[in-house]
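J.: For reference, the structure I am asking about is given below.
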Amino acid sequence: MGNSMSPSFSDGDEVLFDPYINQTLNIGDILLFNHPYKKNNKLVKRITKIKGDSLYFLEGDNPVSSSDSKTFGYINKKSILAIKNK
């Protein structure tokens, strides 16, 4: 995971996710998703903005050490793999 979600999670932390099966997503939810440009690369980020029904702006909790929507823009719902277990 790296340090992009610090201080919420540290590199090496085990985080439980539920498969994403069209659950309602809200600002603040943490997602596991496919990187939009790097094949076979998965990221964990927090939803900070929602546009319409299917576009999500995702950011790491550590703005200094995060590759996120500030770099690659909104991600589509179809890229989401899982949502953090609540």
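J.: Principal axis lengths of the chain from Cα atoms, whole Å, largest first?
T.: Dimensions of the chain along the principal axes of its Cα atoms: 31, 27, 25 Å.
J.: Count of lysine pairs in region 17-75 with Cα atoms under 22 Å apart, counting only pairs 8 or more residues apart in sequence or on different chains?
T.: Step by step, the pairs that qualify in region 17-75 add up to 7.
J.: When the helices in the chain are scored as -39500 (n - 2.57) per DSSP H run of 4 or longer and the sum is shared across all residues, what 222 nm value do you end up with, to the nearest 500 deg cm²/dmol?
T.: Mean residue ellipticity, 222 nm, calculated: -500 deg cm²/dmol.
J.: Can you tell me the length gained on complete extension of the stretch Ser8 to Asn40, counting 0.36 nm per residue apart and subtracting the Cα distance?
T.: Going from the current span to full extension adds 9.1 nm.
No value in this document is a laboratory result; all are computed from the given coordinates. Given the structure is predicted, the values throughout are model-derived calculations rather than measurements.
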